[in-house]
Amino acid sequence: MLKNPQGMRGFASRLSALALISTALVAGLAVAPAAAASNTVAVDSASTARTALFSQRPYVALGDSFTAGQGAPPYKDDTCKQSRSLGYPTIAAALSLYKLTENRACSGANVAATAAQLAGLNPNTQLVTLTVGGIDAGSNALLAACAANPDPTVDPCKSAILASQAALAALGPQLVGLYSTIASTLPNAKIAVLNYPLLFKPGIAPVGDLVNSGTTQLNAVIAGAVAATGNPKIQLVDVTDEFKGHGIGSLIPYIAFNPKNLLADQNFHPNALGNSLGYGIALAKDRVFAR
């Protein structure tokens with residue numbers, strides 16, 4: 001039986017470590033040393049640094065269940081399954097100079113639904129983070145079809161794999177269009193496109209290896225779409241290193257999975273540790289909080 005040790009004391013200590021790391025990164029990037037020789041310029045520089053340190057820049061989160069925080073209940077609502085306080089957007093805002101003004105990410109959101117999330121957003125938004133593409137690539141359908149028999153040569157798994165491959169071929173241009181639309185709608189924003197972690201410990205189960213392979217292909221499409229925009233404000237944040245060694249079946253998993261309830265809403269999504277020490281650390285290491 002798989003276990004998921006997420007004691008609150010252990011999580012609190014790890015989150016404290018994340019806070020120290022992220023705060024150090026933010027402080028080091030946000031506060032420039034005074035370079036002027038005169039007292040007047042030094043005072044002005046210190047004042048500017050304090051203003052930069054304590055000002056908060058508008059930040060919005062978009063996309064699917066991975067940004068909503070579905071793997072870290074309790075939820076704000078039953079529709080979008082946004083985590084009340086343990087999703088990575090909340091953690092990122094708490095540990096940076098950015099203020100999370102809106103989280104519009106929603107369980108089940110595809111590319112089209114994510115584009116619709118842009119309606120009415122503050123045009124002065126300074127940061128956007130998002131995950132999207134998994135639904136379009138048929139990840140849920142593949143997992144459901146191949147769970148009982150992961151043999152890729154036998155239906156329904158075979159058909160699900162073929163459908164996913166066809167969807168991936170069409171997904172790249174859709175993502176390029178979405179990323180470009182976000183950039184034009186929110187022209188002042190840095191856009192951090194996060195990819196997806198490998199959900200399973202390698203070798204833990206045939207279906208796990210199959211899903212991991214599909215995720216690797218999806219991440220390659222996401223990376224290619226970011227590069228194809230040619231927009232320096234659109235940045236890929238690869239989270240796979242942070243989740244390495246922490247898939248389902250590992251000693252300390254960052255992915256939620258309840259073997260007693262295979263239909264649990266949080267299953268196959270980053271848990272509280274995955275949101276903080278996975279997505280949160282990846283954002284900090286890639287200097288997304290710098291401006």
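Return the residues of the range 231-251 that are more than 26 Å from Lys190 (Cβ to Cβ), surrounded by 16 or more Cβ atoms within 10 Å (Cβ to Cβ) and not hydrophobic (A, V, I, L, M, F, W, C); say none if nothing qualifies.
His246, Gly247, Gly249, Ser250
Note down all Cβ pairs under 7 Å where the first residue falls in the range 140-154 and is of a type in the set (D, E, K, R), the second is loosely packed, with under 14 Cβ neighbours inside 10 Å, and they're at least six residues apart or on different chains.
none
Among (1) assigned to a loop (DSSP other than H, G, I, E, B); (2) at pLDDT 95 or above; (3) not basic (Lys, Arg), there is one condition Asp78 misses while meeting the rest; what is its number?
(2)
Rundown of residues vs (1) under 20 Å from Gly108 (Cα atoms); (2) in a loop (DSSP other than H, G, I, E, B), yes/no style:
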position	(1), (2)
His246	no, yes
Leu263	yes, yes
Gly278	no, no
Val288	no, yes
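Considering only the range 239-250, state which residues are among the acidic types (Asp, Glu) and touching a Leu at 6+ places or on another chain (Cβ under 8 Å).
Across the range 239-250, the qualifying residue is only Glu242.
I need the full set of residues from the range 164-177 which are buried (at least 16 other Cβ atoms within 10 Å of the Cβ) and more than 18 Å from Gly63 (Cβ to Cβ), in order please.
Across the range 164-177, the qualifying residue is only Ser164.
Among the residues that make up the range 118-140, is at least one of them modelled with pLDDT under 90, farther than 25 Å from Ile234 by Cβ and not charged (D, E, K, R)?
Yes, that holds for at least one residue.
Here is a check on your reading of the model: is Val221 at pLDDT 95 or above and assigned to a helix (DSSP H, G or I)?
Criteria met by Val221.
Is it fair to say Ala228 is in contact (Cβ under 8 Å) with a residue 24 or more places away in the chain, closer than 30 Å to Ala148 by Cβ and surrounded by fewer than 21 Cβ atoms within 10 Å (Cβ to Cβ)?
Spelling it out, it is not the case that Ala228 is in contact (Cβ under 8 Å) with a residue 24 or more places away in the chain, closer than 30 Å to Ala148 by Cβ and surrounded by fewer than 21 Cβ atoms within 10 Å (Cβ to Cβ).
Take the residues in the range 89-122 that are assigned to a loop (DSSP other than H, G, I, E, B) and within 14 Å of the chain's Cα centre (by Cα), then tell me which one is surrounded by the most Cβ atoms within 10 Å (Cβ to Cβ).
Restricting to residues being assigned to a loop (DSSP other than H, G, I, E, B) and within 14 Å of the chain's Cα centre (by Cα), the top hit is Ala105.
Select from the range 141-158 the residues that are buried (at least 18 other Cβ atoms within 10 Å of the Cβ) and over 23 Å from Gln70 (Cβ atoms) and write down the one among them that is modelled with the highest pLDDT.
Cys157
The values are calculated or read from the model by the stated rules, or taken from the named source; none is laboratory data. Note that this is a predicted model, so its numbers are computed, not measured. Don't worry about glycine lacking a Cβ; one is built from the backbone with ideal geometry, like all the others, and counts go over all protein chains shown.
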